[in-house]
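Scroll down for the structure; my scribbles are underneath it.
The values are calculated or read from the model by the stated rules, or taken from the named source; none is laboratory data. Note that the structure is predicted; figures quoted are calculated from it, not measured. Cβ sites come from the backbone with ideal geometry, for glycine too, and all protein chains shown count toward neighbours. SASA here: full protein model, heavy atoms, side chains in, ligands and nucleic acids out. Shrake-Rupley method; radii C 1.70, N 1.55, O 1.52, S 1.80 Å.
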Amino acid sequence: MSARLIDGKAIAQTIREELKAKVAATTGAGVRPPGLAVLLVGDNPASAVYVRSKVKACEEAGFHSVKIDLPADTTQETLLAEIDKLNRDPKIDGILCQLPLPKGLDENAVILAIDPDKDVDGFHPINAGRLAVGLPGFVPCTPLGCKELLIREGIETEGRNVVVLGRSNIVGTPMALLMMQKAKGANATVTVCHSRTKDLPGECRRADILIAAIGQANFVKGNWVKPGATVIDVGINRVDDPSAPKGSRLVGDVDFAAVREVAGAITPVPGGVGPMTIAMLLANTCQSWQRRCCG
Ligand code: GUN
């Protein structure tokens, strides 16, 4: 039997409408809208697409958004000066610098320069630390989106085996920390697998919930998945496909055709986790705004 599809696009749209309604109900009468600043350095085409989507989503939800385009040869000093201005701007609740940065710029220094209380990406070590010790803070948008999908789909996590494939700072590590928390939608038994894991198929087969974030097309095979498991595919990989209009198409980290025959529920690519990342960016910005603006 074929797995139930988890419609991330529809769930993300619902969340965006909820946020829009919350903002509309609060703004006016002297209350400013939430403000997000997005920095784009250089001309990476994929980054430009992501940034456009983020700014458009802000505008649709009634947020104030600022897009700052800087050339690829921007110096570290100029970039840090821009961040400093945004840190001090009272209309800005969230600051995001799209990664990767062009060669020669220091990503870690940029992440450290963003005020942790405007770090809606959740990449600053202060927020990573808050997550690790269970304090409130900003959680990176993609893992937060995966958790929200599980909650809204009614998928139990408590006491379940969650296996996370990948240990990046942006997805794998915060995903594992989030699922380990003593909290609703968490309390899972978490395993993190990576390139040095001995028996990847065997570890995956123990998962009630398998979250793939390794960045390799069609990596997870059908016989790696426990029948009935939930599979969350974070991967966005472009592969050649002469039959597609562009000559290529997007696929996840999971061999979708094979895995959907085994899994109980699965996110598609595109239309699964991707749209949730943007919805959670708006949610994080809204959270920052509420704290800053509405006490
Ligand atoms: N590059 C890929 N994903 C992300 C993200 O979530 N935030 C930022 N700032 N850059 C990214």
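What is the sum of charges, Lys and Arg at +1 and Asp and Glu at -1, for the other residues whose Cβ falls under 9 Å from the Cβ of Asn218? Before the final figure, lay out the partial values.
On the way: positive: Lys221; negative: Asp253, Asp255.
Local charge sum for Asn218: -1.
For the chain, with only Lys/Arg (+1) and Asp/Glu (-1) charged at the beta-carbon, what is the dipole magnitude about the Cα centre, in debye rounded to 20? Display every interim value, and only then the final one.
On the way: 34 positive and 32 negative charges, 122 e Å.
Approximately 580 debye in magnitude.
Ignoring any ligand, DNA or RNA, what whole percent of the accessible area of region 148-218 comes from carbon and sulfur when the probe is 1.4 angstrom?
Working: 1600 of 3510 Å².
Here carbon and sulfur together make up 46 percent of the probe-accessible area.
Hey, can you rank 261-274, 96-109, 145-158 by average C-beta count inside 10 Å, highest first?
On the way: 261-274: 21.6, 96-109: 15.6, 145-158: 18.9.
Result, highest mean Cβ count within 10 Å first: 261-274, 145-158, 96-109.
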Original post:
In region 29-132, what percent of the accessible surface is made up of carbon and sulfur (1.4 Å probe, ligands and nucleic acids excluded)?
Top reply: 57 percent
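Under 1.5 on a/c is rounded, so check that first for region 136-295, then, if it is not, pick prolate when a/b is larger than b/c and oblate when it is not; a ≥ b ≥ c are the square roots of the alpha carbon gyration tensor eigenvalues.
Details: a/c = 1.95, a/b = 1.28, b/c = 1.52.
It is oblate, given that a/c is not under 1.5 and a/b is not larger than b/c.
Taking all protein chains together and a probe of 1.4 Å, list Lys22, Lys246 from the most accessible to the least accessible. Can you show the working numbers first?
Numbers: Lys22 85, Lys246 160 Å².
These residues rank, largest area first, as Lys246, Lys22.
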**OP:** Measure out, as a whole number of angstrom, how far apart the alpha-carbon centroids of region 90-145 and region 40-84 sit.
**Re:** 15 Å
Original post:
Roughly speaking, to the nearest percent, how much of region 226-295's 1.4 Å accessible area is carbon and sulfur?
Top reply: 54 percent
Subject >> Relative counts (whole %) of C-alpha pair distances in region 115-219, using bins that are 5 Å wide >> reply: 2, 13, 23, 25, 19, 11, 5, 1, 0
**OP:** Taking only the C-alpha atoms, wrap a convex hull around the chain and report its volume per residue in Å³ as a whole number.
**Re:** 139 Å³
Original post:
Taking H as built 1.01 Å from N, whose amide H comes closer than 5 Å to the amide H of Leu165, not counting residues under 5 places away?
Top reply: Cys193, Ile211, Ala212, Ala213
**OP:** Using only the Cα atoms of region 77-160, build the gyration tensor, take square roots of its eigenvalues as a ≥ b ≥ c, and label the shape rounded, prolate or oblate: rounded if a/c is under 1.5, else prolate if a/b is larger than b/c, else oblate.
**Re:** prolate
Subject >> Expected 222 nm ellipticity per residue - DSSP helices of 4 or more, -39500 (n - 2.57), all of the chain, to 500 >> reply: -12000 deg cm²/dmol
Original post:
Using the heavy atoms of the protein chains alone and a 1.4 angstrom probe, what is the accessible area of the chain per residue in square angstrom?
Top reply: 47 Å²
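Below 11 angstrom from the Cβ of Ala207, what's the summed charge of the other residues (Lys, Arg +1; Asp, Glu -1)?
+2
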